[in-house]
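> Have a look at this one.
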Amino acid sequence: MLSPPGGAPSPAHNFRGDTTDVAVKIRLKRLGKVRVPQYRIVVVDSRKKRDGRVIEEIGKYHPKENPSFIDVVSDRAQYWLGVGAQPSEAVAKILKITGDWQTFKGHTGTEGTLKTAAPKPDKLELFNQALKEAHSDASGDAVTKKAATTKKKAEETSTEAPAPVPGVETPEGATQEAEAEETAATKADSDPTEADN
């Protein structure tokens, strides 16, 4: 139906064009491998597929990292919440963790509980530290268990006190004993009477 010229538009259409009210959602879009999910926090038309076309990407969420990696562009989240976008349950929890939900609701003093991972040490620093430890430890310790046990046995035998060596087993003692036997044999040859008794 056409409205009369100069008349008011029909109650079904308040303005020109074919427009419909669209429910906008803030939800997760899944990316990543089979057992390594990575999500993007996106603003999307509620009629679209889970991983379909999005209006805007406002954050990232990686649940498998420890602690979970959460990155939300706060001002864009505030804007979309302000214009009526409804977060899904998972996104609402993420926004509570980051503190964006409390900010949107107007709660003061209730920041989020976002945990961040400790910064990873620089690889060059780790290398230099390992190099310093290697140079300070110049003992060359055994690496394998077998080498360690043979080294331990060698240390035990070297730490024991050496047993006293009988005089006969020394070179001087052996020569003295040999000379004594020799002199006894020559006496026995020269004195046949003593040998008979």
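> Which members of segment 156-177 meet the condition of being surrounded by 10 or more Cβ atoms within 10 Å (Cβ to Cβ) and at pLDDT 60 or above?
T170, G173, A174, T175, Q176, E177
> Let me ask you something else. Residues to consider are A130, A118, A134; find the one that is assigned to a helix (DSSP H, G or I), on the phi < 0 side of the Ramachandran plot, within 20 Å of the chain's Cα centre (by Cα) and surrounded by fewer than 11 Cβ atoms within 10 Å (Cβ to Cβ). Walk me through it before giving the result.
Values: A118 fails: assigned to a helix (DSSP H, G or I); A134 fails: within 20 Å of the chain's Cα centre (by Cα).
That would be A130, the only listed residue that is assigned to a helix (DSSP H, G or I), on the phi < 0 side of the Ramachandran plot, within 20 Å of the chain's Cα centre (by Cα) and surrounded by fewer than 11 Cβ atoms within 10 Å (Cβ to Cβ).
> Do we find that R76 is touching a strand residue (DSSP E or B) at 6+ places or on another chain (Cβ under 6 Å), more than 11 Å from R27 (Cα to Cα) and of a type outside the set (A, V, I, L, M) in this structure?
Working: touching a strand residue (DSSP E or B) at 6+ places or on another chain (Cβ under 6 Å): yes; more than 11 Å from R27 (Cα to Cα): yes; of a type outside the set (A, V, I, L, M): yes.
Yes; evaluated as a whole, the condition is true for this residue.
> Filtering segment 58-75 down to residues that are in contact (Cβ under 8 Å) with a residue 24 or more places away in the chain and assigned to a strand (DSSP E or B), which residue is farthest from the chain's Cα centre (by Cα)?
I58
> A follow-up question, please. Tell me which of these L126 doesn't satisfy, since it passes every other one: (1) modelled with pLDDT under 75; (2) farther than 30 Å from R40 by Cα; (3) not basic (K, R).
(1)
> Still on this structure, please answer the following. Going through I41, I94, I26 one at a time, which residue ends up being under 33 Å from the mean Cα position of the chain (by Cα), touching a residue at least 40 places away in the same chain (Cβ under 8 Å) and either part of a helix (DSSP H, G or I) or exposed (fewer than 11 other Cβ atoms within 10 Å of the Cβ) (or both)? Can you show your working first?
Details: I41 fails: either part of a helix (DSSP H, G or I) or exposed (fewer than 11 other Cβ atoms within 10 Å of the Cβ) (or both); I26 fails: either part of a helix (DSSP H, G or I) or exposed (fewer than 11 other Cβ atoms within 10 Å of the Cβ) (or both).
After applying the criteria, what remains is I94.
> While we're here: Criterion first (farther than 13 Å from L114 by Cα and hydroxyl-bearing (S, T, Y)) does Y79 satisfy it?
On the way: farther than 13 Å from L114 by Cα: yes; hydroxyl-bearing (S, T, Y): yes.
When the stated conditions are applied, Y79 passes them.
> Whether any residue in segment 57-65 is surrounded by fewer than 17 Cβ atoms within 10 Å (Cβ to Cβ), at pLDDT 90 or above and aliphatic (A, V, I, L, M) is what I want to check.
Checking segment 57-65: not a single residue is surrounded by fewer than 17 Cβ atoms within 10 Å (Cβ to Cβ), at pLDDT 90 or above and aliphatic (A, V, I, L, M).
> I would also like to ask the following. Looking at segment 11-46 only, could you name the residues that are β-branched (V, I, T), touching a Ser or Thr at 6+ places or on another chain (Cβ under 9 Å) and modelled with pLDDT under 90?
Going through segment 11-46, the residues β-branched (V, I, T) turn out to be 19-20, 22, 24, 26, 34, 36, 41-44.
Within this subset, residues satisfying the condition of being touching a Ser or Thr at 6+ places or on another chain (Cβ under 9 Å) are 22, 24, 26.
Listed by number, the residues that qualify are V22, V24.
The values are calculated or read from the model by the stated rules, or taken from the named source; none is laboratory data. Computed from a prediction, not measured in an experiment: that's the story for all the values here. All Cβ positions, even for glycine, are placed from backbone atoms using ideal geometry, and neighbour counts span all protein chains on display.
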